[in-house]
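Colleague: Take a look at this one; I'll ask things after.
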Amino acid sequence: MAKRGISILKGIEAKEVTELLNKAYCDEWLAYYQYFIESKVVKGIMKDAAIAELTQHAADELRHANMVADRILQLGGTPILDPKDWITHSNCDYDAPEDPNVLSILEQSIKGEQCAISTYSALADITRDKDIVTYDIVSQILADEVEHEEDLQALYDDIHEFIAEIKKNIQ
Ligand SMILES: [Fe+2]
Ligand SMILES: [Fe+2]
């Protein structure tokens, strides 16, 4: 734990920040696994485009987990050590992809990103002007999550349109 680094926090305790970051850390691991397994089980139209997107997102979520873990350690905390605690400590529930249809999978993932956006937006509000290093990290992650939601929604809309087009042509 680096003392000077922690001493620059203003009006917020390191412990409060590490507790919040640990919840986000659990979200990131669950999001990583959700994308990982979705990319394996997804089926249906334009599934290759979905697999490319889901695989990229999985890599991003793992990178986020890394960023958050490093910040927790800098603040003198311990990242959650046991995967059993991921679901109980997370903000965003884990949504198992029971239905492998590409549109259902994209819908689930969009919901997950919306939860991530709310989480990081709240973390940015809490740390703004109080813990600028964490603020910077959560802002970077927030920008990624916003991009994730947009990419998934665009893909969802494309597939939806494509299906509508096919239906029109076979009538
Ligand atoms: Fe993330
Ligand atoms: Fe994401």
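Just so you know, all these numbers are worked out from the coordinates, no wet-lab data involved. What you see is a predicted model; the values in this text were computed from it and never measured. Reconstructed Cβ throughout: ideal geometry from the backbone, glycine too, with neighbour counts over all protein chains shown.
Colleague: What's the angle, to the nearest 10 degrees (0 to 90), between helix 14-41's Cα axis and the longest principal axis of the chain?
Modeller: Roughly 20 degrees between the two axes.
Colleague: Here's something else I'd like to know. Given all pairs of different Cα atoms, what value in angstroms does the Kirkwood hydrodynamic radius of region 3-51 take?
Modeller: 13.8
Colleague: Please state the charge dipole magnitude for region 12-169, taken about the Cα centre, from unit charges on C-beta atoms (+1 on K and R, -1 on D and E), reported in debye and rounded to the nearest 20.
Modeller: So the magnitude is around 320 debye.
Colleague: For ASP27, ASP85, ASP129, which order do you get if you count the other beta carbons within 10 Å of each Cβ and list the fewest first?
Modeller: Listed from fewest to most nearby Cβ atoms, that is ASP129, ASP85, ASP27.
Colleague: Pulled fully out, how much extra length does the chain show between ASN101 and LYS3, if you take 0.36 nm times their separation in residues and subtract their Cα-Cα distance?
Modeller: Going from the current span to full extension adds 30.2 nm.
Colleague: Would you mind ranking TYR120, TYR156 by Cβ crowding within 10 Å, fewest neighbours first?
Modeller: The order, fewest Cβ neighbours first, is TYR156, TYR120.
Colleague: Quick one: grab the alpha carbon gyration tensor of the chain, order the square roots of its eigenvalues as a ≥ b ≥ c, and give me rounded if a/c is under 1.5, else prolate or oblate depending on whether a/b is larger than b/c.
Modeller: Cα axes put the chain in the prolate bin.
Colleague: OK, next. Give, in nm to one decimal, the length gained when the segment between LEU73 and ASP125 is fully stretched (0.36 nm per residue of separation minus the Cα-Cα distance).
Modeller: Gain in length upon complete extension: 16.6 nm.
Colleague: Nearest 10 degrees is fine. How inclined is helix 102-127 to the longest principal axis of the chain, computing both from alpha carbons?
Modeller: 20
Colleague: Then there is this: Taking other Cβ within 10 Å of each residue's Cβ, how do VAL42, VAL133, VAL138 sort, fewest first?
Modeller: Final ranking by Cβ density, sparse to dense: VAL133, VAL42, VAL138.
Colleague: Using only Cα atoms, find the angle between the long axis of helix 47-74 and the longest principal axis of the chain, and express it within 0 to 90 degrees, rounded to the nearest 10.
Modeller: 10
Colleague: What nm distance separates the two modelled labels at ILE166 and LYS10, each placed 7 Å from Cα along Cα→Cβ?
Modeller: 5.7
Colleague: Would you mind calculating the relative contact order of region 12-169 from Cα pairs under 8 angstrom and at least 6 residues apart, reporting the percent as a whole number?
Modeller: 29
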